[in-house]
Amino acid sequence: CGDCTKECDEQGKGCKMRKCESRAEGSCPGGEASVGGEALPVLPPEADAKKAEGNAAFQAKDFTEALRLYGEAIAIAEAAGAPVPGVYYSNRAVCLASLEDWEGARADAAEALSRTDLTPAATKKALFQKCRAESRLQLLEDLEATLRLAGQLGMRTEVERLLGSELSQNAQAPQAATPQPQAAPAAPAAPAAPSVQESAGSPAMAAASQAKEAGTARYKDGDYRGALLQYRQALDLTPSDEAGFRAQLLGNIAAACLMLKRAGECAAACEESLALEPSNSKVRARLASAQVARGDFDTARSTLGLANEADPVLTNSLKQIGSTEATLEEADQALSRGEAAKALNMFANLESTVLFDYPPLTLKMARCYLDLRQYPRVLNTTQQILRSNPTSIDALLLRTQALFRNHNAAADSKQWVEPLEQGQRLLKEALSFDPDHQEAQALRKRLRGLCTKHGELKEFMDSREFEKGQAVIDSMLELCPDNPAMMASLYSERAKACMRLKDWRGVLKDVGQATYRNHSLVQPYLYRAQALQALERHEDAVKELESLLSWHPNESVYHKFEDAKFLLRKHKRKNYYEVLGVPSVASQLEIKKAYRERAAEWHPDKKSHLDEDQRKNAEEMFKVIGEAYEVLTDPTKKELYEKGYDLEGINEQIELKKRRTNGCCGGRPGGCS
């Protein structure tokens, strides 16, 4: 482990020195991913990087910065569709506690405990943070429930030791009514067991009390569905004249529904309970939470009425409504500023804790995914919305935008128009619900124009009217300035038109535009290499193809790379015809005559009167003249030279031919030893 610099057990026994347990989980460089021996889900490296930065900020006691970085790490993981490790929430809970945000610390600690990847040390810390927050918030019944959970995990003694004096202080404090948690991140207080008087009535009441007790036990164990069934069974058994007992059961049903994130059922149960017992502030707070879960803030405030300090349950609920609205507004502002990752993190936290039945929030998250280019997530999210609300124009519009922007087909393929046509069908459906929707009208007009111009482009390219094709591409580019992927494919097609026109510099310009917008395209790099070769920039062409081959190892690219290296050697070789001063169609007699004249002219004996540098130059020239004569007078070598081989390549090909003719051992008797 990076914190204690000791070896960690690979069998899942954790840090041998146990020093990491004294810090916020994951604050050592190794993090929780290496301490517990249990591999976490694959995460984007950016998420781990943000977590590491958060660890550094935490160690520097910059808790605000650490809080921001942990939040961004969670948002990145969620945007990538990867499960968020519990240690991310555990670390953020520690930061929130350091900043005395007890509601946030409690919610994150509960989220961490709901994960299955926590190590024992991380679990103990999460339990401690949750208990500490509940102690500070005076949620004594929830505190006891968390301690019971710690006892089931064999950690109660250690957690109580960490809590220290807080437990003793709270033990002497008067028991306060449990405030309604922020949209049920933690369970509402479980009802007390039925009294002797309740159980001593009719057989029906005895059975109802027994069912209620069974429901309470299941509720405390976290089996909220089982608890709901028991409470409803108890309600069915309770006589209609037992108004007080029925009001309690309806409040319990509301609590279970809230934990199951069934806002509608919770609200209905609360309203029935309040009709029987209007003074129950806990039930009223639960009703407000259910209304907030559906985004109905004004109704929730009306439900709570004018709370006073004498009723901490209603006062705390009002504060939570204000906090939720402020967080939602802050997230909206972050999205409008282009901070999609930050906004997504805030929206996701609201959805998991407070606004869990608020469709507009799901749409906001879909917009974040769109800005983060997580197009499959946009499609999945909008599909879920449309299943429950097929007439959602915003969902249809977002889905179309995702199809439009996630456009990776080549411009010369038939598949290029398919997502555009699908988008037009979606927009047609949206406009059937609101014919005057301006954004849908404008986007549909753009898609229709692109499809029409694509047909024109295909006709011009097929008829070899490349200049007209370029003009059509220019007009298409004007229709998609906000779609880098589509612009990249169009610039690539424009580069191809430039190649047909042998406008090599135009090819280089358009390829640069294409690769700037989508560096994963392969074809533009091949166009660039071909243009560089046409401009006799062979070294640049080889580098281009070598770079392409490094991240796109393909047989076709490999062959083009080898061809480019051959052309480079051909370009660098000496022109033996120019050396001898004869044309490429010269006869053998002309070549021999020219050789004798040039050899006599550059013979070293005739250059003895020159200085040392000039003599060396004459010797090199005399050597080249001999090479030219040797190659051009040998039919085999001359044939290879005409094919483009240099002297080294010629000798390699002749040697290879000998090996093929004589075998690997050169024809020696007895074969290879």
### Query
Within the stretch 352-364, is even one residue farther than 21 Å from ASP394 by Cα, surrounded by 19 or more Cβ atoms within 10 Å (Cβ to Cβ) and at pLDDT below 95?
yes
### Task
Within the stretch 461-479, identify whether any single residue is open to solvent by 10 Å² or more (accessible area, probe 1.4 Å), under 16 Å from ALA410 (Cβ atoms) and touching a residue at least 24 places away in the same chain (Cβ under 8 Å), and answer yes or no.
yes
### Task
Select the helices (runs of 4 or more DSSP H) contained entirely in the stretch 369-442, then report the ones holding at least 1 residues which are closer than 21 Å to ALA79 by Cβ.
375-388, 393-405
### Query
Can you pull out the residues in the stretch 462-479 that are of a type in the set (A, V, I, L, M, F, W, C), in contact with a Lys or Arg (Cβ under 8 Å, 6 or more places away or on another chain) and within 18 Å of VAL511 (Cα to Cα)?
PHE466, VAL472, ILE473, MET476
### Message
Could you check the stretch 498-512 and list, in sequence order, the residues that are part of a helix (DSSP H, G or I) and either of a type outside the set (Gly, Ala, Ser) or surrounded by fewer than 17 Cβ atoms within 10 Å (Cβ to Cβ) (or both)?
### Response
CYS498, MET499, ARG500, TRP504, ARG505, VAL507, LEU508, LYS509, ASP510, VAL511, GLY512
### Among the residues listed as ALA485, ALA594, the single one being of a type outside the set (Lys, Arg), modelled with pLDDT under 95 and touching a Gly at 6+ places or on another chain (Cβ under 9 Å)
ALA594
### Query
Among the helices (runs of 4 or more DSSP H) contained in the stretch 534-583, which hold 3 or more residues that are touching a residue at least 60 places away in the same chain (Cβ under 8 Å) and open to solvent by 70 Å² or more (accessible area, probe 1.4 Å)?
555-572
### Query
Hey, does the stretch 313-332 have a residue that's on the phi < 0 side of the Ramachandran plot, free of Cβ contacts under 8 Å to residues at least 40 places away in the same chain and not in a helix (DSSP H, G or I)?
no
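For every residue, the table says whether it meets (1) out of contact with any Asp or Glu (no Cβ under 8 Å at 6 or more places or on another chain); (2) open to solvent by 10 Å² or more (accessible area, probe 1.4 Å); (3) not in a helix (DSSP H, G or I).
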site	(1), (2), (3)
ILE76	no, yes, no
ALA107	yes, yes, no
LYS124	no, yes, no
ARG132	no, yes, no
GLN138	yes, yes, yes
GLU144	yes, yes, no
### Query
Inside the stretch 207-263, can you point out the residues that are open to solvent by 30 Å² or more (accessible area, probe 1.4 Å) and among the hydroxyl-bearing types (Ser, Thr, Tyr)?
TYR224, SER240
### Task
Any residue in the stretch 90-110 that's within 17 Å of LEU350 (Cα to Cα) and modelled with pLDDT under 90: show its pairings with residues that are charged (D, E, K, R) and surrounded by fewer than 24 Cβ atoms within 10 Å (Cβ to Cβ) at Cβ separation under 6 Å, as long as the two are six or more apart or on different chains.
TRP102/ARG136
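The values are calculated or read from the model by the stated rules, or taken from the named source; none is laboratory data. Note that the structure is a prediction, hence the values are computed from the model and not measured. Cβ sites come from the backbone with ideal geometry, for glycine too, and all protein chains shown count toward neighbours. Ligands, DNA and RNA are excluded from the accessible area calculation, which covers all protein heavy atoms including side chains. Shrake-Rupley method; radii C 1.70, N 1.55, O 1.52, S 1.80 Å.
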